[in-house]
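For reference, the structure is listed below as structure tokens.
The values are calculated or read from the model by the stated rules, or taken from the named source; none is laboratory data. Model, not experiment: these values are computed from the prediction. All Cβ positions, glycine included, derive from the backbone under ideal geometry; neighbour counts span all protein chains shown. Quick note on the areas: whole protein, heavy atoms, side chains included, nothing else; ligands and nucleic acids left out. Shrake-Rupley method; radii C 1.70, N 1.55, O 1.52, S 1.80 Å.
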Amino acid sequence: MTVSDQVERPARTGRLEGLDLARFFAFVGMVIVNFTIVMGAEGMGAEGGEGPLAWFTLALEGRAAATFVVLAGIGLGLAAGRGVENTVPVTIRRAVFLLVLGLANTLVFDADILHYYAFYFLFGALLLSWPAPTLIAVIVALNIAFVGMNFIFDYDTGRNWVDYSYADFWTLAGFVRNLFFNGWHPVVPWLGFLLFGVILSRLRLGERRLRNA
């Protein structure tokens with residue numbers, strides 16, 4: 001191999017084991033939170049729970065899922081770095097698969113997140129080529145939009161807070177409302193977590209100093 005070959009073909013970086021470990025912790029956190037929802041475990045973080053387990057579970061609520069979405073964005077961004085032309089169609093196919101799987105899961109578990117992931121990946125794939133400053137602007141816009149939507153729409157519409165069901169989920173209006181506004185993990189503003197991960201993926205994550213920061 002010549003020197004020019006070494007320049008044109010930079011050595012492939014190894015897998016970032018830290019991301020795999022972070023995914024594991026985030027996944028376990030999501031399982032714990034969803035377990036408390038399904039089982040109604042009052043002592044483990046449901047409303048009114050007390051003690052260390054209740055505190056621990058409440059600390060995980062929302063954070064584990066958000067972390068998992070950020071990590072998904074990092075993975076998507078790293079894949080795009082190896083060729084966005086191939087990443088986009090593969091991501092769209094995965095989004096379709098997650099949508100079908102998530103909707104099937106919704107039949108037995110109302111707090112499904114997989115069908116939201118389908119749209120995170122769909123929109124994320126379409127925005128992969130956008131520069132970081134533009135992605136930051138989109139993230140800010142998503143958060144502002146969500147605050148504005150709360151002034152315009154009733155957040156409780158369709159929701160049953162007793163059994164966590166959603167009254168008109170299987171109608172077009174109800175599905176769109178749940179997906180973009182008052183679902184468990186609505187695209188507005190949760191898509192911002194995935195886009196933040198895409199931005200992070202463009203940093204030199206292999207450098208210890210950057211990871212510590």
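Probing with 1.4 Å while keeping every protein chain in the model, the per residue accessible area of region 73-213 equals 56 Å². In order along region 65-80, phi translates into HN-Hα couplings of 5, 4, 4, 5, 5, 4, 5, 4, x, 5, x, 5, x, 5, 5, 5 Hz, rounded to whole numbers, per the Karplus curve 6.51 cos²θ - 1.76 cosθ + 1.60 with θ = phi - 60° and x for Gly and Pro.
Other residues whose C-beta falls under 11 angstrom from the C-beta of residue 165 contribute a net charge of -2, scoring Lys and Arg +1 and Asp and Glu -1. Distant-in-sequence amide contacts of residue 159, defined by a placed amide H-H separation under 5 Å and a gap of 5 or more residues or a different chain, comprise 167.
Applied to region 181-186, the Karplus parametrisation 6.51 cos²θ - 1.76 cosθ + 1.60 on θ = phi - 60° returns per-residue 3J(HN,Hα) values of 10, 10, x, 5, 9, x Hz, with x for Gly and Pro. Projected label points at residue 127 and residue 86, each 7 Å from Cα along the beta carbon direction, are separated by 2.6 nanometres.
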